[in-house]
Structures are given as C-alpha cells and as structure tokens.
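Student: Could you have a look at this structure, given as structure tokens, before my questions?
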Amino acid sequence: MKKQCGLTDLFLVALVALAVLSVLVGLLQQNRINKLRVQHADTLTGIAQANTKAYEALDRYRSAVDTANRTLAQQIQTQEGETNAKLETLSDLAGRERASRLLDQRTYADSLGYWQGVARRASTDGERQATAAAIGVFADLHARLDERAGIYAGQADQCRVRGLACERAYQTVADMINAGPPKE
C-alpha cells in the first residue's frame, strides 16, 4: 500500500502541478490579451488623433480656398465695375465724337455747297459737270471713310478696355496661384 500511496501522492502532486501550470498559462494568456488590448486602444487613439488633425487641416484648407474665392470674386467684381465705368466713359466719348462728326459733316456739307457753287459758276458746261462729278465722288468717299473710321475707333476703344480688364484678371489669378497655398 505504500507503493500505492506514493503513486497517489505523486499523482496528486502532478495534478496540483498541472492545475498550477494551467492557472499560470491562463494568467500569462490573460496578461498577453490585456497587453494586446492596450496596444489596440493606443492604435485606435493614434488613428483618431490623426483623423482629427487631417479634418482640421481639411477645414483650414477649405477656409483658405473659400477666402481666396471670395477675394478673387471681389477683385473680379471690382474690375468689372471699372471696366463698365470705362465703357460708359468711352460710350460718352463716342457720343461726343458722333456729335463732333455731325458738326464736321455739316461744315463739310457747307464747304461742299460752296465748291459746288464754284463748279456751277465755271465758265463752260463741260468744266461744270466735271468739277461737280469730282466733288460728288470725293464727298461720298469722305463720308464713307469718316463713318468707317468712327466705327473702327469705337470698336478699338472697347477692345482695349476689355483686354486690359482681362489682363488684370489674369494677373490676379496668376499671382494667387504663384503665391501657393496659404501659410499656417
């Protein structure tokens, strides 16, 4: 029986050792699980902080773009106002120029009448007809040239004003692009 008692004791000791070992392995596994949970929580916290920073940067970027767009819109509106004012000024000048041209045409018509009178008083009928025909051709040509010159001058003035406005708008946008993103 002693032998059996020794085996039983050995079995009990082995069983207790196995139980202790099982508890130790369980504790080690629980400790490792806890460390993994802490690492996972730290990783999630880092990701959340990175996302927060990214959203803050995105908000700053959007705000900077909105500010730049508002500034650009204001500059364009200002340039449009200046362009419209210059076009109105040119329109007024064109009206004055038309009035001046009408006055010149009346003066020219008076002058034409004078020369036609001279042609009528010419000594021979042939001289009168030749002079009157030449004066009529020159008068018609002068009137057409004067009319066309006025049209071309008005168009040239409008094109110049619009071109200058376009150049200013281009330069404004180019300056904004070359300046790069806003500094924080």
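The values are calculated or read from the model by the stated rules, or taken from the named source; none is laboratory data. Keep in mind the model is a prediction, meaning the values are calculated, not measured. No Cβ is skipped: glycine too gets one built from the backbone with ideal geometry, and neighbour counts run over all protein chains shown.
Student: Pick out the one residue from Ser91, Ser22 that is surrounded by 11 or more Cβ atoms within 10 Å (Cβ to Cβ) and not aromatic (Phe, Trp, Tyr).
Tutor: Unique residue meeting the criteria: Ser91.
Student: Of all residues in segment 148-177, how many are of a type outside the set (A, V, I, L, M), out of contact with any helix residue (DSSP H, G or I) (no Cβ under 8 Å at 6 or more places or on another chain) and more than 16 Å from Gln79 (Cα to Cα)?
Tutor: Going through segment 148-177 one residue at a time, the tally reaches 3.
Student: Can I ask one more? Which one of Ala169, Ala132 is modelled with pLDDT of 80 or more and not β-branched (Val, Ile, Thr)?
Tutor: Testing whether each residue is modelled with pLDDT of 80 or more and not β-branched (Val, Ile, Thr) leaves just Ala169.
Student: I've got another one for you. Looking at segment 65-85, can you tell me whether even one residue there is over 30 Å from Pro181 (Cα atoms), surrounded by 10 or more Cβ atoms within 10 Å (Cβ to Cβ) and not aliphatic (A, V, I, L, M)?
Tutor: So in segment 65-85, the residues over 30 Å from Pro181 (Cα atoms) come out as 84-85.
Checking which are surrounded by 10 or more Cβ atoms within 10 Å (Cβ to Cβ) leaves us with 84-85.
This time we only want the ones that are not aliphatic (A, V, I, L, M), so: 84.
Yes, because at least one residue in segment 65-85 is over 30 Å from Pro181 (Cα atoms), surrounded by 10 or more Cβ atoms within 10 Å (Cβ to Cβ) and not aliphatic (A, V, I, L, M).
Student: Determine whether segment 50-62 contains at least one residue that is in contact (Cβ under 8 Å) with a residue 40 or more places away in the chain, closer than 30 Å to Arg162 by Cβ and surrounded by 10 or more Cβ atoms within 10 Å (Cβ to Cβ).
Tutor: no
Student: Output the qualifying pairs, or none if there are none: Cβ atoms under 7 angstrom, residues six or more apart or on different chains, first residue in segment 81-106 and touching a residue at least 12 places away in the same chain (Cβ under 8 Å) and under 11 Å from Gln158 (Cβ atoms), second residue in a helix (DSSP H, G or I) and among the hydrophobic types (A, V, I, L, M, F, W, C).
Tutor: Note: pairs meeting the criteria are Thr83/Val161; Thr83/Ala165; Lys86/Val161; Leu87/Val161; Leu90/Val161.
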